[in-house]
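Participant: Structure incoming, see below.
The values are calculated or read from the model by the stated rules, or taken from the named source; none is laboratory data. Keep in mind the model is a prediction, meaning the values are calculated, not measured. Backbone-built Cβ (ideal geometry, glycine too); neighbour counts: all protein chains shown. Side chains included, ligands, DNA and RNA excluded: accessible areas come from the protein's heavy atoms. Shrake-Rupley method; radii C 1.70, N 1.55, O 1.52, S 1.80 Å.
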Amino acid sequence: MKDLYAWSAIGLIVFASTTGDVLLSYSMKRVGDVGELWKRRGALAVIGRVLATPTFGLGLMAMGVAFYSLLFGLSWGNLSLVVPASASLTFVANAVAASIFLHERVGRRRWIAALLVAGGVVLMAV
Amino acid sequence: MTFRKYLVLAGITVFSTAGDSLLARGMKDLGGVSLHHLSGLLLAILNPWVAMGILFLLTFFACYMSALSWADLTYVLPATSFAYVLVALFGHFRLHEEISPTRWAGIALIAAGVGFVAAGPSFTPARERRDSQSAPRDTVSLEVKP
């Protein structure tokens, strides 16, 4: 039963942090190259434009949900299960979500990179 | 990719690593914080290690948002996962923690993944996105381009 709780927390962490990353990435693509904007309009324009993007706030909220699910996951499961399992699954889920929702071209190179990193994270925690 | 952009990516790895380590160091001073005494979490900000850690994590977030404004999510995430390696190496050389062969193998896999993605393109141009109608608009470069 405890395992079930831990794995549902892991599922929630992966879902929430992938949603957050996709929303934040979408927002920043809408804002455009921050460096260019900074040079032309100054720092306040950058901050203003980021905060005026509605999906940015949603992304932050999703990240908050991911953080609290991590805290609850840690109270049910071991640190050595919850952290690496959620981190490595998030890499794979992000690759899938970015190709579907952000229309990023996730070619063979990026798939291999995501899987290598996901595998490496698991090995480092064993 | 300019040199400054590589610096931002390096900033993501360094600031997230340093921020997490500082937070961990500070929370050790405070001892366990239970869910029933959440006020302990508010007072934690007064600890100098925790305050520094939060400052570093805010800098990390600024670098991360900046990188996402000019690079794909599937590029930024693997490229900055080097932070896991940094934490392990920091623990090994500064805190004299033992690194098992499995962990060394994990470090090698992550390093290989970082190299793989960093050697490829960092951005999917809008016209190459499969559905450019609903793809995010790059408003600044539309403004900036001569």
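Participant: Okay, helix-only estimate at 222 nm for the protein assembly as shown: each DSSP H run of n ≥ 4 adds -39500 (n - 2.57), divide by all residues, round to 500 deg cm²/dmol; what do you get? Let's see the in-between values first.
Facilitator: On the way: 13 runs with 210 residues, N = 272.
The helix contribution divided over the protein assembly as shown gives -25500 deg cm²/dmol.
Participant: While we're looking at this one, here's another question. What does the accessible area of B:Thr2 come to, in Å² to the nearest 10, when a probe of 1.4 Å is used?
Facilitator: 80
Participant: What is the stretch B:1-124 by shape, rounded, prolate or oblate, if you read a ≥ b ≥ c off the alpha carbon gyration tensor as root eigenvalues and call it rounded for a/c under 1.5, prolate for a/b larger than b/c, and oblate otherwise?
Facilitator: It is oblate, given that a/c is not under 1.5 and a/b is not larger than b/c.
Participant: Ranked by accessible surface with a 1.4 Å probe, highest first, in what order do B:Leu89, A:Leu12 come?
Facilitator: Result, largest first: A:Leu12, B:Leu89.
Participant: Could you tell me the ratio Rg/Rh of the stretch A:1-111? Both radii from Cα atoms, Rh via Kirkwood.
Facilitator: Numbers: Rg = 16.7 Å, Rh = 15.4 Å.
Rg/Rh for the stretch A:1-111 comes to 1.08.
Participant: Would you kindly find the accessible area of A:Ser86, with a 1.4 Å probe and non-protein molecules such as ligands, DNA and RNA excluded, rounding to the nearest 10 Å²?
Facilitator: Rounded to the nearest 10, that gives 10 Å².
Participant: If you don't mind, there's one more thing I want to ask. Taking the simple approach of a point 7 Å from Cα along Cα-to-Cβ for both B:Asp29 and A:Ile100, what is their distance in nm?
Facilitator: 4.5
Participant: How large is ³J(HN,Hα), in whole Hz, for each residue of the stretch A:112-126 in order, when computed from phi with the Karplus curve 6.51 cos²θ - 1.76 cosθ + 1.60 and θ = phi - 60°, using x for Gly and Pro?
Facilitator: Values, residue by residue: 4, 4, 4, 5, 4, 5, 4, x, x, 4, 5, 4, 5, 9, 5 Hz.
Participant: Let me ask something else about it. Among residues other than B:Tyr75 whose Cβ falls under 12 Å from its Cβ, what is the net charge (Lys/Arg +1, Asp/Glu -1)?
Facilitator: Charge balance near B:Tyr75 sits at +2.
Participant: For a quick check of understanding: with a 1.4 angstrom probe and all protein chains in place, what accessible area in square angstrom does B:Tyr6 have, to the nearest ten?
Facilitator: 110
Participant: Ballpark to the nearest 100 Å², how much total accessible area do A and B bury together, probe 1.4 Å?
Facilitator: Counting both chains, the buried surface is close to 4100 Å².
Participant: Between B:Leu46 and B:Arg94, how high is the FRET efficiency from 1/(1 + (r/R0)^6) when r is the Cβ-Cβ distance and R₀ = 25 Å? Nearest 0.05.
Facilitator: Between B:Leu46 and B:Arg94 the formula returns 0.45.
Participant: I need the shape label for the stretch B:50-94. Rule: rounded when a/c is under 1.5, else prolate if a/b > b/c, else oblate, with a, b, c from the alpha carbon gyration tensor.
Facilitator: Oblate shape, in that a/c is at least 1.5 and b/c is the bigger or equal ratio.
Participant: Could you sort A:Glu104, B:Glu97 by accessible area so the largest value comes first, with the probe set to 1.4 Å?
Facilitator: Working: A:Glu104 5, B:Glu97 90 Å².
Result of the area sort, largest leading: B:Glu97, A:Glu104.
Participant: Same structure again: Once phi is turned into ³J(HN,Hα) by the Karplus curve 6.51 cos²θ - 1.76 cosθ + 1.60 with θ = phi - 60°, what whole-Hz value does each residue of the stretch B:45-55 show in order, with x for glycine and proline?
Facilitator: 5, 6, 5, x, 4, 5, 4, 4, x, 4, 4
Participant: Which percent of the Cα-Cα distances in the protein assembly as shown go past 27 Å?
Facilitator: 41
Participant: Taking the Cα centre of the protein assembly as shown as origin and charging only Cβ (+1 Lys, Arg; -1 Asp, Glu), how large is the dipole, in debye to the nearest 20?
Facilitator: Numbers: 22 positive and 14 negative charges, 146 e Å.
The calculated dipole for the protein assembly as shown is roughly 700 debye.
Participant: List the residues whose amide H sits under 5 Å from the amide H of B:Ser122, counting only those 5 or more places along or on another chain, with H placed 1.01 Å from N in the peptide plane.
Facilitator: For B:Ser122, whose amide H was placed from the backbone, there are no distant partners under 5 Å.
Participant: Please list, in order along the stretch A:66-80, the HN-Hα scalar couplings obtained from phi with the Karplus expression 6.51 cos²θ - 1.76 cosθ + 1.60 (θ = phi - 60°), rounded to whole Hz, x for Gly and Pro.
Facilitator: For the stretch A:66-80, the Karplus-derived couplings read 4, 5, 5, 5, 5, 4, 6, x, 5, 7, 9, x, 6, 4, 6 Hz, x marking Gly and Pro.
Participant: Another question, then. What do you reckon, how do A:Glu36, B:Glu98 stack up by accessible area (1.4 Å probe), largest on top?
Facilitator: On the way: A:Glu36 60, B:Glu98 155 Å².
Most to least solvent-accessible, the answer reads B:Glu98, A:Glu36.
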